[in-house]
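**Student:** I am attaching a structure below and will ask some questions about it afterwards.
None of the figures in this text is laboratory data; all of them are computed from the coordinates on show. Treat the numbers as computed from the prediction; the structure is a model and nothing was measured. Cβ placement follows ideal geometry from the backbone for every residue including glycine, while neighbour counts extend to all protein chains displayed.
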Amino acid sequence: MKKTMKTLIQNARVVTPHGMADVSVLLDDERIAEIDPAIHTRADQTIDAAGLHLLPGVVDDQVHFREPGLTHKEDLQHASRACAKGGVTTFLEMPNTNPATITAQRLAEKLALAAKSSLVNYGFYIGATPHNVEELKKARRTPGIKIFIGSSTGDLLVDEQEALERIFAQTTLPITAHCEDEATVRRNAEKYAGVSDVAVHSKIRDHAAALIATRRAIDLAFRHQHRFHVLHVSTGGEAEILADHRDLITAEVCLHHLFFNIDAYATLGTRVQMNPSLKTAADNARLWQALQDGHIQVIATDHAPHTLEEKSRPYPRSPSGLPAVENSLALLLNEVHLGRCTLEQVVRWMCDAPARVWDLIGKGRIEKGYDADLVLVDLEKEHHILDEQQETKCRWSPWNGRTLKGSPVRTWVMGNEVFRNGRFDESIKGREATFDHTRGGYWKTQ
Ligand code: DOR
């Protein structure tokens, strides 16, 4: 019989969405066995975490890890190292790889690739096309269905009303979407054809494009009473309509739409070209407020690497997207120091909420019986984000040169310590995330 390994993490301050407590946590193999165990509890390994905070591992519900097919930009091995370093213990990856993940067979193939090379836990969305509703109906082993209602990197697009109605009517998995109105974007692109200043990207993919598509998707969800998660909300206008969720709608905001706005083009150029585009400082403020008000529940990265060489092509030939997965938690810890939010809120937005939105089993909390996916953070430790030190294969960050206060220092995936103070244990492999969609998502759980 396999011998289980008991680990006792002592003296850390344990953070939940509801508060903090100075308690020990006992891990038994891959699970959290006990919170505040009896004083003489024996373990194979005892970790003194005095002065540090213990958080559930981050669940990033929107990443693009480019494997298969686009591995010159990123691959599962580099990206999952970046996750481990950043305190992300579970990622949910998008279907716009090459080939795209649009059948149960392709989904199984991607899961097999990740089983071989991912250091952290993984799950993969199945992508919608105008013609694959039968595949979407039979898909299992997935958080849900991704629809590109507006086109972005890759050729996945479903914007005909009939096809969208069919998907919302006939499928049962939760649906999520990239919401930018294709017709609006095309019209604007014609208007600004020939302009090579990347700042025009925000005029092409404008406020109206985001608002029209998000309204359209929410209307579909309400009419078909279908669970729906809005990806990367970028405008205050969308945040306003999300206040009326009627227990069916959840939403995500990405770090770049909180931290950057159109002023950033002047210094960062195409590094901050992404879809949906950057909006204004007023939108930044309204998105933060929507998080505070609970109208947006999740923070994710939309980690979407491209090489710097690709990024240096003149606009509009430069691709959209930026890497972020290894800095997301640290960026939020820094905001805690700045007084923008609390550590409890960071845990709610980055761990608890995404796990509940996607019905993840055993994730997002430090509670007895949950998976031992954990990150220990040193709130006082300062570090610099530097391109050349990034683990992502594309080796750059839009936050290059920034100094942050607060760093993830140790990360456990299913009870195994995969990252410790700059070193990785590459022998550790993550597991396939599992989903119980009968739970009914965020609004049906607490
Ligand atoms: O900027 C983006 N890049 N937005 C997306 O939705 C896709 C992503 C990518 O895959 O490059």
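**Student:** For LEU386 and ALA38, calculate 0.36 nm times their separation in residues minus their Cα-Cα distance, and state this gained length in nm to one decimal.
**Tutor:** Values: separation 348, 0.36 × 348 = 125.28 nm, distance 4.36 nm.
The LEU386-ALA38 span can extend by a further 120.9 nm.
**Student:** Let me ask something else. Could you tell me which residue out of ASN98, CYS83, ALA108 lies farthest along the dipole of the range 74-116 toward its positive end? Charges go on the beta carbon: Lys and Arg +1, Asp and Glu -1, centred on the Cα centre.
**Tutor:** The residue sitting most towards the positive pole is CYS83.
**Student:** Next question. Run the reach check for LYS146 against lysines, Cα to Cα strictly under 23 Å, same-chain hits fewer than 8 apart removed. What comes back?
**Tutor:** Result set, ordered by chain and number: LYS73, LYS110, LYS137, LYS138, LYS363, LYS444.
**Student:** Could you calculate the FRET efficiency of ASN421 with ASN400 from 1/(1 + (r/R0)^6), where r is the beta carbon distance between them and R0 is 25 Å, rounded to 0.05? It would help to have the intermediate numbers written out before the result.
**Tutor:** On the way: r = 22 Å, r/R0 = 0.88.
FRET efficiency, ASN421 to ASN400: 0.70.
**Student:** Here's a follow-up. Where in the range 307-333 does the amide nitrogen come within less than 11 Å of the point 7 Å from the Cα of GLN45, taken along Cα to Cβ?
**Tutor:** Those under the cut-off are none; the list is empty.
**Student:** Counting other beta carbons within 10 Å of each residue's own, what order do CYS341, CYS83, CYS394, CYS179 fall into, fewest first? Could you put the intermediate results ahead of the total?
**Tutor:** Details: CYS341 17, CYS83 36, CYS394 24, CYS179 27.
Ordered from fewest to most neighbouring Cβ atoms within 10 Å, CYS341, CYS83, CYS394, CYS179 come out as CYS341, CYS394, CYS179, CYS83.
**Student:** Let me ask something additional. So how long is each side of the chain along the principal axes, counting just the alpha-carbon atoms, biggest first, in Å?
**Tutor:** 71, 46, 40
**Student:** Return the single residue from HIS256, HIS384, HIS53 with maximal mean-square fluctuation; model: Gaussian network over the chain, springs between Cα atoms under 10 Å.
**Tutor:** HIS384
**Student:** Work out the charge dipole of the chain with +1 on the Cβ of Lys and Arg and -1 on the Cβ of Asp and Glu about the Cα centre, then indicate which of HIS437, GLY321, GLN289 is farthest towards its positive end.
**Tutor:** Working it through, the farthest residue towards the positive pole turns out to be HIS437.
**Student:** If you don't mind, there's one more thing I want to ask. R0 = 35 Å: FRET efficiency of THR434 with HIS18, Cβ-based, nearest 0.05? Spell out each step's value before the answer.
**Tutor:** On the way: r = 25 Å, r/R0 = 0.72.
Efficiency, rounded to the nearest 0.05: 0.90.
**Student:** For the range 241-291, report the convex hull volume of the alpha-carbon atoms normalised per residue, in Å³, without decimals. Spell out each step's value before the answer.
**Tutor:** On the way: hull volume 3.8 nm³, N = 51.
Dividing the Cα hull volume of the range 241-291 by its residues yields 75 Å³.
**Student:** Provide the percentage of antiparallel DSSP beta bridges, counting only those with both residues in the chain; round to the nearest 5. Show your work: numbers first, answer last.
**Tutor:** Working: 32 of 64 bridges.
Counting only bridges with both partners in the chain, antiparallel ones make up about 50 percent.
**Student:** Simple spin-label model, 7 Å along Cα-to-Cβ: ASP28 to ALA112 in nm?
**Tutor:** For ASP28 paired with ALA112, the spin-label model returns 3.6 nm.
**Student:** Still on this structure, please answer the following. Among the GluC sites (Glu not before Pro) in the range 269-351, which ones are in a DSSP loop with at most 15 other Cβ atoms within 10 Å of the Cβ? Mind listing them? Please report the intermediate quantities before stating the final value.
**Tutor:** Numbers: sites: GLU309, GLU310, GLU326, GLU335, GLU344; in loops: GLU326.
Answer by residue number: there is no such site.
**Student:** Between HIS131 and LYS368, what is the label-point separation in nm under the 7 Å Cα-to-beta-carbon projection?
**Tutor:** Here the answer is 5.5 nm between the modelled labels.
**Student:** Now a separate question. Could you check the simple spin-label distance between LYS138 and THR445, using points 7 Å along Cα→Cβ, in nm with one decimal?
**Tutor:** Placing both labels 7 Å along Cα→Cβ, they lie 2.8 nm apart.
**Student:** Among the DSSP beta bridges whose two residues both lie in the range 10-54, what percent are antiparallel, rounded to the nearest 5?
**Tutor:** Working: 8 of 11 bridges.
In the range 10-54, DSSP labels about 75 percent of beta bridges as antiparallel.
**Student:** If you rank ILE204, ILE361 by fewest surrounding Cβ atoms within 10 Å, what's the result?
**Tutor:** Values: ILE204 23, ILE361 12.
Lowest count first: ILE361, ILE204.
**Student:** Continuing with the same structure: With charges only on Cβ, +1 for K and R and -1 for D and E, what is the dipole size of the chain about its Cα centre, in debye, rounded to 20? Mind showing how you got there, number by number?
**Tutor:** Working: 53 positive and 59 negative charges, 89 e Å.
In debye, rounded to 20, the chain gives about 420.
**Student:** Which of rounded, prolate or oblate describes the range 107-206 when judged by the alpha-carbon gyration tensor and an a/c cut-off of 1.5?
**Tutor:** Here the range 107-206 falls in the oblate category.
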